[in-house]
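K.L.:
Got a structure for you, written out below as structure tokens; questions coming shortly.
The values are calculated or read from the model by the stated rules, or taken from the named source; none is laboratory data. Just so you know, these numbers come straight off a predicted model, no measurement behind them. Every residue, glycine among them, receives a Cβ derived from its backbone with ideal geometry; neighbour counts consider all protein chains shown.
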Amino acid sequence: MKKTTIILLVLLGILSGCGKKSESPSKKTNSMICTYQTTGFDETSTYEFQDDEVKKIFYTKTVNVELRGDPMSDYEWPAEYRKEKYNEIDGVVYSYSIDGDVITIDFTIDFSIANLELVLDIVDEVHDEWVNASYLSIELIKENTIDTCN
């Protein structure tokens, strides 16, 4: 009887251990850096993502309007408009600066705070796959970018 009780206690301990959920390891955050350069134009986007879901975007664009042959107003008024609109969204920080013939645009989007739909309402070009999406997909970005990404 004593031997049977010990075996039952051991089995009970094993079975109760099987029912426990192990704590899931924190999801690994990966990053992808994309760059695009052409005459007078330099752009870098860094995407932090888990699985397929983009969690943060860090973006910098520098344009030398003289080298591009464009008037500064082609960049300044859209930058001012976007600054006003993006900075109304929690989780988005957008800024720009002008130094002579160079305009630099920086923004950060934290999708743990920012609403994707509000962000996409301001973007010039939205891919059909992103409309009504619950998150921004890193795979869709890879498929639809002309940038060089690592």
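K.L.:
Output the qualifying pairs, or none if there are none: Cβ atoms under 8 angstrom, residues six or more apart or on different chains, first residue in the range 29-45 and in contact (Cβ under 8 Å) with a residue 60 or more places away in the chain and at negative phi, second residue of a type in the set (Lys, Arg) and loosely packed, with under 15 Cβ neighbours inside 10 Å.
P.N.:
32/142
K.L.:
Something else: Quick one: count up the residues across the range 99-142 that are more than 15 Å from the chain's Cα centre (by Cα), surrounded by fewer than 15 Cβ atoms within 10 Å (Cβ to Cβ) and modelled with pLDDT of 85 or more.
P.N.:
Selection size over the range 99-142: 3.
K.L.:
Return the pair list, or none, for Cβ contacts closer than 9 Å from residues in the range 132-150 that are over 17 Å from residue 29 (Cα atoms) to residues that are part of a loop (DSSP other than H, G, I, E, B) and not basic (Lys, Arg), at least 6 apart or on different chains.
P.N.:
Close Cβ pairs (under 9 Å, with a partner that is part of a loop (DSSP other than H, G, I, E, B) and not basic (Lys, Arg)) amount to 140/52; 140/127; 140/133; 143/127; 144/127.
K.L.:
Counting just the residues of the range 65-98 that are aliphatic (A, V, I, L, M) and part of a helix (DSSP H, G or I), which one comes out surrounded by the most Cβ atoms within 10 Å (Cβ to Cβ)?
P.N.:
Of all residues in the range 65-98, those aliphatic (A, V, I, L, M) come to 65, 67, 72, 79, 89, 92-93, 98.
Imposing the further condition that a residue be part of a helix (DSSP H, G or I) reduces the set to 65, 67, 79.
Values: 65: 20, 67: 13, 79: 22.
The qualifying residue surrounded by the most Cβ atoms within 10 Å (Cβ to Cβ) is 79.
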